[in-house]
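The values are calculated or read from the model by the stated rules, or taken from the named source; none is laboratory data. The shown structure was predicted, so the numbers you read here are calculated from the model rather than taken from an experiment. Ideal geometry is used to build each Cβ from the backbone, glycine not excepted, and the neighbour counts take in all protein chains shown. For the accessible areas, the whole protein counts, side chains as well, though only heavy atoms, and no ligand, DNA or RNA atoms are used. Shrake-Rupley method; radii C 1.70, N 1.55, O 1.52, S 1.80 Å.
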Protein chains: 2
Amino acid sequence: MKNIVVLGSTGSIGRQTLDIVRAFPDELRVVGLSAWSNRDLLMQQAKEFWPQMVCCESLGEDLPHGCRPVHDLTEMVNDPRVDLVMLAVVGAVGLLPALETLRAGKALALANKEPVVMAGELLTTTAAKHHAPILPVDSEPSAIWQCLHGEDAAKSVRRIIITASGGAFRNSPLSKLAAMTPEEALKHPTWTMGKKITIDSATLMNKAFEVIESHWLFNMPWDRIDAVIHPQSVIHSVVEFEDGSLKAQMGPPDMRFPIQHALFYPRRLPNPNLQTLDLLKVGSLTFEALDPNRYPCFTLGLETAKKGGTYPAVLNAANEEAVSLFLKKEIGFLDIQKFVTLAVERHAPSKTSGLEDILEADAWARRTVRQAVKGA
Amino acid sequence: MKNIVVLGSTGSIGRQTLDIVRAFPDELRVVGLSAWSNRDLLMQQAKEFWPQMVCCESLGEDLPHGCRPVHDLTEMVNDPRVDLVMLAVVGAVGLLPALETLRAGKALALANKEPVVMAGELLTTTAAKHHAPILPVDSEPSAIWQCLHGEDAAKSVRRIIITASGGAFRNSPLSKLAAMTPEEALKHPTWTMGKKITIDSATLMNKAFEVIESHWLFNMPWDRIDAVIHPQSVIHSVVEFEDGSLKAQMGPPDMRFPIQHALFYPRRLPNPNLQTLDLLKVGSLTFEALDPNRYPCFTLGLETAKKGGTYPAVLNAANEEAVSLFLKKEIGFLDIQKFVTLAVERHAPSKTSGLEDILEADAWARRTVRQAVKGA
C-alpha cells in the first residue's frame, strides 16, 4: 500500500490521478488532498477518499470525520505517512512544495513542469542530495524515462527527440494567429488538458518547457534534445541511442497512462479502465519539422533557458502572466510572445540563482508584464 | 576484448558481422570463421582477420600463418578462447553448433532462426541449464529484446507485436502469385538479405518463424504474439505492457544495428559507418492487417508450430526444401505452401521430441517433399 498526497487534486491531472486511485484500492491510499479554490469538488473528493489531511484556501466546518485541515503544503508533504507526492498544481506555486518533498526524501511525481523550468538545477541537486526520486508525469518526459529503463542513460544516449502535436493552430494561416481567441486556442487537437498547458501547446512554449525539463531530469546537453511535430500524439517521445538504435514510447493521448506509470514504477499493472492503442486504427504516424516562424515561443523559451541563472524563472513567470492575461482577453494571442520577450530583455540577472533570487525574479517578471500590458 | 567466432561468415549476416568487427578493432577479435562453400571469400576473410581457426568443406594449403583448419564446428565453439558465437548459417544446419555453444555456456548471438523453429524448447532449456545467454540478432526479436531491457519480462508484458514489411508481393494481384519467379520474389522492398530469408519474407513464413522464435526466446504464450504489416520497416517490433504503455524499437533497415547490439549488449557504442534514422525523412509510418489469403504460409507456420513435438521440425525442413526447389525453379511460388502442407499432413509425430527425433523428422520431411515433387 502506497500512501500518496495529491497537490492540485481538483485540476485535470489531480482528477485523473484520483481516477487511477479508484482503480487500485488495494495499492494506493490517499492521505492528503489540496486544491486552490475549487472547494466544492475538494469536499466531494475528501468524502470519497477520506484523506487524513486536506488543504484549501477556504475550508469549511463540514470536513469528513478524521480529516484534518492543514494550512500549509509543507506540513502535508512532511507527514511521516506520506510515501509519494503527486504535484499536479499549475505554475510556479509548485516550486516550494516540490523542494519540500525532495528535502523530505520522498518520491515526487512531477506533473507540474514550471518548477523545473524556473529552478531545474536547484530541484535536481536537491533530489540528488536527499536521494529523492523525481518521477516524470508529463507524457513526453515519461516517454523518455520509459525508453531509458534498463539503459545506461549517462553513456548510451545520443539524442532525445520530443514529439509535439503542434497545438490548436498547427494548420492555421499565420496571418490569422493575431486574432485567435482563447476559445480557439483551447481546442487542442489530441489532448484534453488544463487551460494553461493548452495555451502553452498552441504557442509551443510547452515544448520548450519539455526540452528544459528533459535537460534537467535526464542530464542531457541542450544540443542533444530535438523536437519534432507529430500530429497524432501517439509516439510520446523517442530516444536515439549511441549505437543508432531508437526507442519510442507510445500510447493513446490519455494522461492516466503516465500518471499510473509514475505511481507504480517499476511495476506495470493492468488497468481495465484504460483503452489500449490499436495500431491498425492509428493507420499512419507522421513527422514534420517544427516551423520557428509559426512557433516563436519555442525558440524564445529555449534561448532564454540557455542563458541560465534567473532567466528561466523570468521566462516562466512572464509566460504564466501573459497566458493568464490572454485567457482573460486582455491581450492577444501573439502578445504572449511579445510580453515574455519584453520581460526577458529587461531582466537584469542577479549574480546568484538560489531560491531567493528565483522567487524575486519570478515576482519581478509578473509585475513587469502586468505594468507593460497596462501601459501598452 | 571479446573473442568471437562467426559461423557462416561468407553469408549476408556473416559479412555484416565482420563489418562491425572492422569498426571496433579494440573491442572484438575474430578467433574463428566458418563457411559452407565460398572458399575464396573465406580465405580473404582469414587473411584480413587472421583467426586462429577456420572451417570450410574444402580447405586448401594456403591458410595464413597461425590459422588452423578445423573440421568440426563443435571443436571451434568449444575452444576456450571463444566468448561469443555468431550463428549466421542458414537453415537447420545451425542446430548442432547452437546446442554445442549453449552447452559450453557461451553467449549465442542468434541470426539463424531455423534452429529455434525446429527445436525451440530444446535450445531454451539447454541455454537455461548452462546459464548461456541467447542474444537475438534477427531484427524483430532484437527489437523486442531491446524494448524489454529494464522491464519485468515475466510480469509486465501484455502483448508482443511483430512488424512485417509484407515482402515482395504485398501489392501484387493474388491471381499473379502462382506465376511469380525467384527473381521477382527476391526483390525485397526494404531489406537486403540472403536468398532463403527473402523468399520466406515473400511467403511470410519468415514472420511465422519470428512468432515462433519470440514464443521461445521471450517465453510468451502464442495468443499474446501478434503480427502487423508495416511496409516501411522502420519500427522493427513493439511491446505492449500490462499498463497499456507500448515501446517500439526503430532504426534503418540495416542488419548491422541488431548485429552490433548482440555483440556489445548491454553497451551501446557509436559506429560512424551506420546511418542514423531521420524521422523527418521517414515521413509516415503505416500499419495494415495481415491478410491470411495473401499469406497462407503465415497461418500454416503458426498452426504447425502450435502442434508441438516434432511438427515444427517438419515445418522447417519442408519449407527449407520447398524454398530451395523454388529457387531452382523446380516448383512454383504457391507450391511452397502446398508441399509444406503435404509434409505436415503426412507426418506421423514421434512420441518424444528429443534431438534424435527432431533430426529424424527433419530428414523425413526433406525426403517427403523431394519425392512428392518428383511424383507431382
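The set of residues in region A:111-146 being touching a Leu at 6+ places or on another chain (Cβ under 6 Å) and without any contact (Cβ under 8 Å) to a residue 40 or more places away in the chain consists of A:Pro115, A:Thr126, A:Ala127, A:His130, A:Ala132.
Highlighted here are the helices (runs of 4 or more DSSP H) found entirely within region B:111-202 that include at least 1 residues which are open to solvent by 30 Å² or more (accessible area, probe 1.4 Å) and within 14 Å of another protein chain (Cβ to nearest Cβ): B:139-148.
Taken together, the residues in region A:341-356 that are in a helix (DSSP H, G or I) and free of Cβ contacts under 8 Å to residues at least 60 places away in the same chain amount to 7. Find the residue count for region B:313-353, including only residues that are at pLDDT below 95 and not polar (S, T, N, Q). Number satisfying all stated conditions: 2. Picking from residues in region A:225-251 that are of a type outside the set (D, E, K, R), assigned to a loop (DSSP other than H, G, I, E, B) and within 7 Å of chain B (Cβ to nearest Cβ), the one that is farthest from B:Val157 (Cα to Cα) is A:Gly244.
Just the residues that are among the acidic types (Asp, Glu) and at pLDDT 95 or above, please, taken from region B:65-97. Let's see the steps before the verdict.
At the first step, the residues of region B:65-97 found to be among the acidic types (Asp, Glu) are B:72, B:75, B:79, B:83.
Passing the criteria: B:Asp79, B:Asp83.
Take B:Gly244 and tell me if it is farther than 30 Å from B:Thr125 by Cα, of a type outside the set (D, E, K, R) and surrounded by 19 or more Cβ atoms within 10 Å (Cβ to Cβ). Even if it seems obvious, please write down each step before you answer.
On the way: farther than 30 Å from B:Thr125 by Cα: yes; of a type outside the set (D, E, K, R): yes; surrounded by 19 or more Cβ atoms within 10 Å (Cβ to Cβ): yes.
When the stated conditions are applied, B:Gly244 passes them.
Taking the criterion of being touching a Cys at 6+ places or on another chain (Cβ under 9 Å) and within 9 Å of chain A (Cβ to nearest Cβ), would at least one residue in region B:252-273 satisfy it? Among the residues of region B:252-273, not one is touching a Cys at 6+ places or on another chain (Cβ under 9 Å) and within 9 Å of chain A (Cβ to nearest Cβ), which makes the answer no. Every residue in region B:166-195 that is out of contact with any helix residue (DSSP H, G or I) (no Cβ under 7 Å at 6 or more places or on another chain), closer than 18 Å to B:Gly251 by Cα and not aromatic (Phe, Trp, Tyr), please. B:Gly166, B:Pro189, B:Thr190, B:Thr192 - these are the residues of region B:166-195 that are out of contact with any helix residue (DSSP H, G or I) (no Cβ under 7 Å at 6 or more places or on another chain), closer than 18 Å to B:Gly251 by Cα and not aromatic (Phe, Trp, Tyr). Considering the conditions (1) open to solvent by 40 Å² or more (accessible area, probe 1.4 Å); (2) modelled with pLDDT under 95, B:Ala289 is excluded by exactly one of them, (2). Of the residues contained in region B:265-285, one or more are found to be aromatic (Phe, Trp, Tyr), open to solvent by 10 Å² or more (accessible area, probe 1.4 Å), more than 19 Å from B:Ile161 (Cα to Cα) and touching a strand residue (DSSP E or B) at 6+ places or on another chain (Cβ under 9 Å).
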